[in-house]
Amino acid sequence: MKGLITKSTGSWYQVLDSETGRFFEARIRGKFKLIKTRLTNPLAVGDHVEFSLEQDDVAWITKIEPRKNYLIRKSVNLSKEAHIIASNIDIACFIFTLKHPETSLGFLDRFLACCEAYNIKPLILFNKMDVLNEDEKEIVANIESLYQQIGYETLEISSYSKLNLEILQNILKDKVSVFFGHSGSGKSTLVNALQPELNLKTSEISETHLKGKHTTTFAQMHFWDFGGSVIDTPGVREFAMIDVEKEEIQHYFPEIFSIGRSCKFHNCMHINEPKCAVLDSLESGEIEESRYITYLKLMEEAEENAAK
């Protein structure tokens, strides 16, 4: 039998039977757990699997189909490398909020680099536009312009005023999507605004830290009435890349890779090499400093991972 993983709690999974549309509680055979991997979880929401049914309608997952892509986060368990957030994603939406809470550009850049690395289409959603004054809207417009010039798709939205939600529905229609952003950025509120019947739990912003409380404790796929689905995930504090060489990192920053072709040396790493077109563009402001800083951090991490 073939199915789709629609919920993962860490100890068990929910699998949707592809033929009958029935949901089953599922577990994995021991051999899955014995596979050597740098990931903390062998299966993720979005995975296509094969399973068999035993007594009491408990499903046993016997095989996982090859993934077309996935996104991972750094694991809190230091003995392992990373944790798969979701797999087989058509579009990954990053929810950027200028305030309540403030989103760091470094977090956004790391997310975009991961999308590039794992071949996922990103969409940057500038949320809570209804709470911004004119000066703040101009700041958002400048940030939006920066990422559009690099080649990324953006959309200004508001769950409360319904700004551009119909456009967003059309983008998400018939696709497997996933929303990311800092806790409190409005992920669950946005999902509820797009489809109120889902009634996902939301959280208030903590006044003391201006950070949201984590409301999602496990990943789950919800199906849109207008077609397609969304994977609701626990708050992600930091995205990660595994099995990536440091020489590859520049490929995941389109503007650095493009300008880097003009460097004197074909193997230029854009750190301190002579006649580096990227460093020249950084100095002139053609490349944004915040993105270059993230590039350097990812280079360092790739080097550290290679040494393990």
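The stretch between K121 and E65 holds 18.1 nm of extra length on full extension. This uses 0.36 nm per residue minus the Cα-Cα distance. For segment 38-172, the fraction of 1.4 Å probe accessible surface lying on carbon and sulfur atoms is 48 percent.
Placing dummy labels 7 Å off each Cα toward the beta-carbon, the span from F226 to E248 is 3.5 nm. Between D280 and N164, the C-beta separation translates, for a Förster distance of 35 Å, into a calculated FRET efficiency of about 0.40.
Bridgeable aspartates and glutamates around K264 (alpha carbons under 19 Å apart, same-chain partners fewer than 8 residues away excluded): E247, E248, E255, E273, D280, E283, E286.
Measure nothing fancy, just the Cα-based angle from helix 134-150's long axis to the longest principal axis of the chain, in degrees from 0 to 90, nearest 10. For helix 134-150, the angle is close to 90 degrees. A Förster distance of 41 Å, applied to the separation of the beta-carbon atoms of E136 and E303, puts the FRET efficiency at 0.60. The heavy atoms of M1 present about 100 square angstrom of accessible area, all protein chains included, probe 1.4 Å. A 1.4 Å probe run over the protein chains yields, for the chain, 51 Å² of accessible area per residue, whole-number rounding. By the Cβ distance rule (another cysteine Cβ under 4.7 Å), the unpaired cysteines of the chain are C93, C114, C115, C276. The overall shape of the chain is oblate: from the C-alpha gyration tensor, with semi-axes ordered a ≥ b ≥ c, the ratio a/c is 1.5 or greater and a/b is no larger than b/c. Across segment 90-144, Cα pairs under 8 Å and at least six residues apart give a relative contact order of 47 percent. Computed from Cα positions, the angle between helix 105-117 and the longest principal axis of the chain comes to roughly 70 degrees.
With R₀ fixed at 45 Å, the C-beta to C-beta distance from S262 to H100 puts the FRET efficiency at about 0.60. Accessible surface ranking for Y252, Y295, 1.4 angstrom probe, highest first: Y252, Y295. Pairs of C-alpha atoms in segment 40-117 farther apart than 14 Å represent 72 percent of all such pairs.
Based on Cα contacts under 8 Å between residues 6+ apart, the chain shows a relative contact order of 16 percent.
So for the chain, taking the charge dipole from beta-carbon charges (+1 Lys/Arg, -1 Asp/Glu), which of L155, I139, L296 sits furthest toward the positive end? Checking the options against the dipole of the chain, the answer is L296. Every helix of 4 or more DSSP H residues in the chain counts as -39500 (n - 2.57), and over all residues that averages to -8500 deg cm²/dmol at 222 nm. The long axis of helix 289-307 is offset from the longest Cα principal axis of the chain by roughly 60 degrees.
The values are calculated or read from the model by the stated rules, or taken from the named source; none is laboratory data. No experiment lies behind these values; they were computed from the predicted model shown. Cβ: placed from backbone, ideal geometry, glycine included. Neighbour counts: every protein chain shown. SASA here: full protein model, heavy atoms, side chains in, ligands and nucleic acids out. Shrake-Rupley method; radii C 1.70, N 1.55, O 1.52, S 1.80 Å.
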